[in-house]
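The values are calculated or read from the model by the stated rules, or taken from the named source; none is laboratory data. In this text, all values refer to a predicted model and were calculated from it rather than measured experimentally. Positions of Cβ are generated from backbone atoms using ideal geometry, with glycine treated the same way; all protein chains shown enter the neighbour counts.
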Amino acid sequence: MLAVLVPVGYRLSMRNPMIHRTTVALLLLLPGLAHAACDAPSKNADLVEALDAAELAFGEFEVEDFKAAHALATSHLECLNEPISRTTAAEFHRVSGLSLFLDRNSPDAAKSFAAARAIEPDYSFPTDLIPPGNPMLETYTSVEPDSGATEMLARPKTGSIKLDGSGSLNRRVSLPAIFQLFDGRGAVVKSTLLAPGDALPEYERAGSAAPEKVGGGGAKVPLMIGAGASLAIAGGLYGSGMATRSGYQNATTVAEAESKRGLTNGLVIGAGVAGLAAVGMGTTSFLLSGKF
């Protein structure tokens, strides 16, 4: 019922201020209820009506009425069950910028205005809404839409993502953005406003269920090669140890026997160490491959 009263009040309030005040009084009652839960999903028409009411209240210097309408618009955005249009996304960012400016938060207001200008670069406020010379006009153009860092969003495993009504996944992190996640049938799963620097909502990324043992093959190959090399070294050392063993047994003096025995023992111990290394690397490669 209220969705019908808002546009009627918007149209008639220009001629009848009493109707406008009654409409906004109803708006003041709704934001708290709308934020409680999305029991009734919103449509683009609901969002546009609330944004139009906000701009009307702003033009009439009705700050409380403007704040109520902006809160209602935010509630509709969070409960939106349709893809937001680019035009509506731009209007939402502009109204948010007006609200932030009234809160004396010019830096964030400029970011919201820049987000709107990124969508509609040729838009200018009507002079009856913001007259020439108003300091808000300077804030409106103080941040360039293409300034700041960007991030490329990962595609969802199923469905799609839109930012400010666009299918581009390139997000300007320093600006606010309207994030919408859709399932495989195109139905809205989530609709929310991301403030500058906000983390993305949780969603299952494409490729997040990686194949088992990803990267294991790359580690397994060098380990297998290392194991083979260690085994070859072990064999060589052991063979050399056996060769020196005969020389140790045929020694004619005590000093010669002690010298050859030390060499033999060292070669045999080295062969054992290399053999253990070969076994260790071979076992690790099998663990990585998942074959036992």
Practice task
Please state which of the following conditions residue 139 fails to meet, knowing it meets all the rest: (1) in a helix (DSSP H, G or I); (2) hydroxyl-bearing (Ser, Thr, Tyr); (3) in contact with a strand residue (DSSP E or B) (Cβ under 8 Å, 6 or more places away or on another chain).
Solution key: (3)
Completion exercise
Counting only residues in region 114-136 that are part of a loop (DSSP other than H, G, I, E, B) and in contact with a Leu (Cβ under 8 Å, 6 or more places away or on another chain), the one nearest to residue 198 (Cα to Cα) is identified as 125
Practice task
Would you confirm whether any residue within region 164-175 is touching a residue at least 60 places away in the same chain (Cβ under 8 Å), in contact with a strand residue (DSSP E or B) (Cβ under 6 Å, 6 or more places away or on another chain) and not assigned by TED's automatic domain parsing to the domain that holds residue 51?
Solution key: yes
Practice task
Go through region 140-176 and give me each residue that's at pLDDT 95 or above, farther than 20 Å from residue 82 by Cα and of a type in the set (A, V, I, L, M).
Solution key: 143, 152, 153, 154, 173, 175
Exercise for the section: Tell me, please, whether a residue that is out of contact with any Cys (no Cβ under 9 Å at 6 or more places or on another chain), assigned to a helix (DSSP H, G or I), within 22 Å of residue 167 (Cβ to Cβ) and charged (D, E, K, R) can be found in region 101-113. Expected result: no
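For every residue, the table says whether it meets (1) at pLDDT 95 or above; (2) within 25 Å of residue 174 (Cβ to Cβ); (3) assigned to a loop (DSSP other than H, G, I, E, B); (4) touching a helix residue (DSSP H, G or I) at 6+ places or on another chain (Cβ under 8 Å).
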| position | (1), (2), (3), (4) |
| --- | --- |
| 10 | no, no, no, yes |
| 22 | no, no, no, yes |
| 34 | no, no, no, yes |
| 38 | no, no, yes, yes |
| 56 | yes, no, no, yes |
Handout entry: Scan of region 110-124 for residues that are more than 17 Å from residue 89 (Cβ to Cβ) and surrounded by 14 or more Cβ atoms within 10 Å (Cβ to Cβ), ordered by number
Key = 110
Handout entry: Sole exception among (1) more than 15 Å from residue 113 (Cβ to Cβ); (2) assigned by TED's automatic domain parsing to the domain that holds residue 83 for residue 125, by number
Key = (1)
Problem - Within region 137-171, considering residues that are of a type in the set (A, V, I, L, M) and surrounded by 11 or more Cβ atoms within 10 Å (Cβ to Cβ), the one farthest from residue 198 (Cα to Cα) - result: 137
Practice task
Please enumerate the residues belonging to region 108-134 that are more than 21 Å from residue 146 (Cα to Cα) and hydroxyl-bearing (Ser, Thr, Tyr).
Solution key: 127
Practice task
Run down 114, 109, 89 and say which single residue is within 28 Å of the chain's Cα centre (by Cα), aliphatic (A, V, I, L, M) and under 19 Å from residue 63 (Cβ atoms).
Solution key: 109
Exercise for the section: Give region 42-99 a look and list any residue that's of a type in the set (Phe, Trp, Tyr) and farther than 24 Å from residue 118 by Cβ, or say none. Expected result: 61
